[in-house]
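J.: Let me give you the structure first, and then I'll get to my questions.
All of the numbers you see were taken from the coordinates with simple rules; none came from a lab. Keep in mind that this is a model prediction, so the values were computed, not measured. Here Cβ is always computed from backbone atoms with ideal geometry, including for glycine, and neighbour counts include all displayed protein chains.
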Amino acid sequence: MTDPVWRHLPERYGNRKAVHERYRRCAADGTFDAILTHAQVHDDSVGRIDWTVSVDSTIVHAHRRAA
């Protein structure tokens, strides 16, 4: 089933099923990960990234019978 957002693509992008398939292939083959990694490496090398780390210490309690 095609995600509803693909139904609202402007016609200039072409057939929505073809666009969705290209997107799905790029997501599956690592294209988007490679683009993000390249951008991060480049931006870090020129000092555009502030590497701030945040740790969440949320505690979840379970009921006695959950065990």
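J.: Which of [x] 3, 12, 17, 14, 12, 13, 12, 9, 7, 3, 0; [y] 3, 17, 32, 27, 15, 4, 1, 0; [z] 3, 12, 11, 11, 10, 10, 12, 14, 9, 5, 2, 0 is the computed P(r) over Cα pairs in 5 Å bins from 0, in percent for the structure on display?
T.: [z]
J.: Now a separate question. With +1 on each Lys and Arg Cβ and -1 on each Asp and Glu Cβ, how big is the dipole of segment 4-66 about its Cα centre, in debye rounded to the nearest 20? Present the calculation step by step, with values, prior to reporting the outcome.
T.: Details: 10 positive and 8 negative charges, 123 e Å.
My answer is approximately 580 debye.
J.: Still on this structure: Return the calculated 222 nm mean residue ellipticity for the chain, to the nearest 500 deg cm²/dmol, obtained by summing -39500 (n - 2.57) across DSSP H runs with n ≥ 4 and dividing by the residue count.
T.: Counting only the DSSP helices, I get -14000 deg cm²/dmol.
J.: Relative to the first principal axis of the alpha-carbon coordinates of the chain, what is the inclination of helix 16-29, with its axis defined by its Cα atoms, in degrees from 0 to 90 and to the nearest 10?
T.: Taking Cα atoms only, the helix is inclined about 50 degrees.
J.: Would you be so kind as to identify which of H38, S54, A18 lies farthest towards the positive end of the dipole of the chain, taking Lys and Arg as +1 and Asp and Glu as -1 on Cβ and the Cα centre as origin?
T.: Looking along the dipole axis, the top candidate is A18.
J.: Working from Cα positions, state the angle (0 to 90°, nearest 10) between the long axis of helix 31-45 and the longest principal axis of the chain.
T.: 70
J.: Which order results if E21, E11 are arranged by neighbouring Cβ count within 10 Å, fewest first? Walk me through the numbers before you get to the answer.
T.: Details: E21 12, E11 7.
In order of increasing Cβ crowding within 10 Å: E11, E21.
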